[in-house]
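First comes the structure, then the notes that go with it.
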Amino acid sequence: EARHIPFARLGSNASGAGFDILMEDARAAGAATEHLLSLGHRRIGFITGSDEYALSGARLAGYRSAMRAAGFDKEAGLVARGDFTFPSGVEATKFLLKRGAPATAIVASSDQMALAALRVARAAGLEVPRELSIVSFDDTPIVKFSTPPLTAIRQPIAAMTACAADLLIRAANGEPTGDAPAILPFELIVREST
């Protein structure tokens, strides 16, 4: 910013310089939660991402909003802290499954944490999705090849980077770019883990 070099911030809507390019993380987490509610789940656990990222708070808010809208305010307490990593997903899943009334479904804020949830479920002898459903965020290629393949929120990463490149080229050429954040659509990809 000090050198007047245009830059883009992907996944951030915090105030400041640069182009904001993001998906609606709160709506995406709400859609994942609503999907599980539509399948009959009521004790839906949520594994947060790192507090260093604003999108983590947005995803948690979307989950809580969907639970509240469905009349399950008390169940919205099934929240475990994660940081997007596999080890944090292991610990968070163990927490959600060891409660007096364990979660019957989990929304994990990253693919790594969802894969960790899958491993913990297997180690506990739980069948996915019959005894525990899992929804992931990101939809990196690996989740298609897990057993079972994971239902996931697909982030529009390619579209976000293309949008960033377009805005940066336009800014470098002195063309108008607008001030509003670029908000790109997410997609819920339903696979065999729900």
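The values are calculated or read from the model by the stated rules, or taken from the named source; none is laboratory data. Bear in mind that the values here come from a model prediction, so they are computed numbers and not experimental data. Here the Cβ positions follow ideal geometry from the backbone for every residue, glycine too, while neighbour counts run over all protein chains shown. These accessible areas exclude ligands, DNA and RNA; they are computed on the full protein's heavy atoms, side chains included. Shrake-Rupley method; radii C 1.70, N 1.55, O 1.52, S 1.80 Å.
The figures follow:
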quantity	calculated
Segment 162-190, residues that are assigned to a strand (DSSP E or B) and at pLDDT 95 or above	Glu187, Leu188, Ile189
Subset of segment 110-125 [assigned to a loop (DSSP other than H, G, I, E, B) and open to solvent by 50 Å² or more (accessible area, probe 1.4 Å)]	Ala124, Gly125
Selection status of Gly18, open to solvent by 20 Å² or more (accessible area, probe 1.4 Å) and out of contact with any Ser or Thr (no Cβ under 7 Å at 6 or more places or on another chain)	yes
Verdict on Gly57 being within 13 Å of the chain's Cα centre (by Cα) and without any contact (Cβ under 8 Å) to a residue 12 or more places away in the chain	yes
Test set (1) open to solvent by less than 20 Å² (accessible area, probe 1.4 Å); (2) part of a helix (DSSP H, G or I); (3) under 20 Å from Ala28 (Cα atoms) - Ala159 fails condition number	(1)
Considering residues of segment 136-155 that are assigned to a loop (DSSP other than H, G, I, E, B) and among the hydrophobic types (A, V, I, L, M, F, W, C) only, the residue nearest to Asp25 (Cα to Cα)	Leu150
Enumerated helices (runs of 4 or more DSSP H) restricted to segment 1-109, each holding at least 1 residues that are of a type in the set (Asp, Glu) and modelled with pLDDT of 95 or more	25-38, 86-97
